[in-house]
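Contents: one structure, followed by commentary.
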Amino acid sequence: MNAWTIDAATSLAGKSDWTVLKPLLLQSVAQTLEMVLVTLLIGGFLGLVLGVILYGTRPGNLFENTVVYHILDVIVNIIRPIPFIIFLAAMQPLTIKVVGTSIGTAAAIFPMVVMCTFATSRLVEQNLVPVDPGVIEAARAMGASKFTIIRTVLIPEALGPLILAYAFLFIGVLDMSAMAGYIGGGGLGNFAIAYGYQKFDQTVTWSAVVIMIVLVQVVQAIANALAKHVLKRQR
């Protein structure tokens, strides 16, 4: 029996020491929430702006500009499909220049914000496209400025679907935060790998999984309720 097998057998035979693991788990939850909330706040806002620009520069829209639209469209299409774990590695030189390090929570948040921005932009654009052009034209006929139309007509009309889109985005960002553990970003992903997978402790691994599932269920339930309320008021 080799050393790896002995270590695995010993770990499997032992029980999880939650007097040690509990503070680490709570710290990991806090780190995950920090990464997710900061990413959603910054990336979600920048993505909303970029998504509105993508929508607005489409042919026939508020500030039609085919060149700008196609450039942004290509950039979004290049970045969005990249698996986040590869994106983390590719962004390392820029992360070091911006953050000063490639290890830790702050170093994980930067590439998360970048990826979130581009992912959000496409979700926003796709949810703005179905908005009735007649409503926008009516606002333009009344002399409303483009910014006023965006703020008081376009976004409110698409608010219900946008809420659901951001709930979907939360799940994606939570997934990114788990992968951030590979660069020492902390969080539940790092906790599950370091204290669960690597120590052959399924209790620890599944504790992290359950917490992430609960977070997703809570956010999705809130988003569903808000979207339902908004859509009901719009009818």
message: Quick check: Cα centre of the range 48-116 to Cα centre of the range 202-235, how many Å?
response: 26
- prompt: So for the range 140-190, what are the equivalent ellipsoid semi-axes in whole Å, largest first, each being the square root of 5 times an eigenvalue of the Cα gyration tensor?
  reply: 39, 11, 5
- request: May I ask you to work out the translational diffusion coefficient for the chain at 4 °C, viscosity 1.567 mPa s, via Stokes-Einstein with Rh from the Kirkwood sum over Cα pairs, reported in whole µm²/s?
  value: 65
message: Below 8 Å between Cα atoms, with a sequence gap of 6+, how large is the relative contact order for the range 25-234 in percent?
response: 27
- prompt: Among the aspartates and glutamates, which fall within straight-line cross-link reach of LYS228, defined as a Cα-Cα distance under 16 Å, with same-chain neighbours fewer than 8 residues apart omitted?
  reply: GLU157
message: If I compute solvent accessible area with a 1.4 Å probe over the protein chains, what percent of it on the range 25-234 is carbon and sulfur?
response: 69
query: With every protein chain left in place, what is the accessible area of VAL210 in Å² (1.4 Å probe, nearest 10)?
result: 80
task: Would you mind getting the accessible area per residue of the range 25-234, heavy atoms of the protein chains only, 1.4 Å probe, in Å²?
output: 51
query: R0 = 30 Å: FRET efficiency of ILE171 with THR148, Cβ-based, nearest 0.05?
result: 0.35
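The values are calculated or read from the model by the stated rules, or taken from the named source; none is laboratory data. Note that the structure is predicted; figures quoted are calculated from it, not measured. Backbone-built Cβ (ideal geometry, glycine too); neighbour counts: all protein chains shown. These area figures cover heavy atoms from the full protein model, side chains too; ligands, DNA and RNA do not enter into them. Shrake-Rupley method; radii C 1.70, N 1.55, O 1.52, S 1.80 Å.
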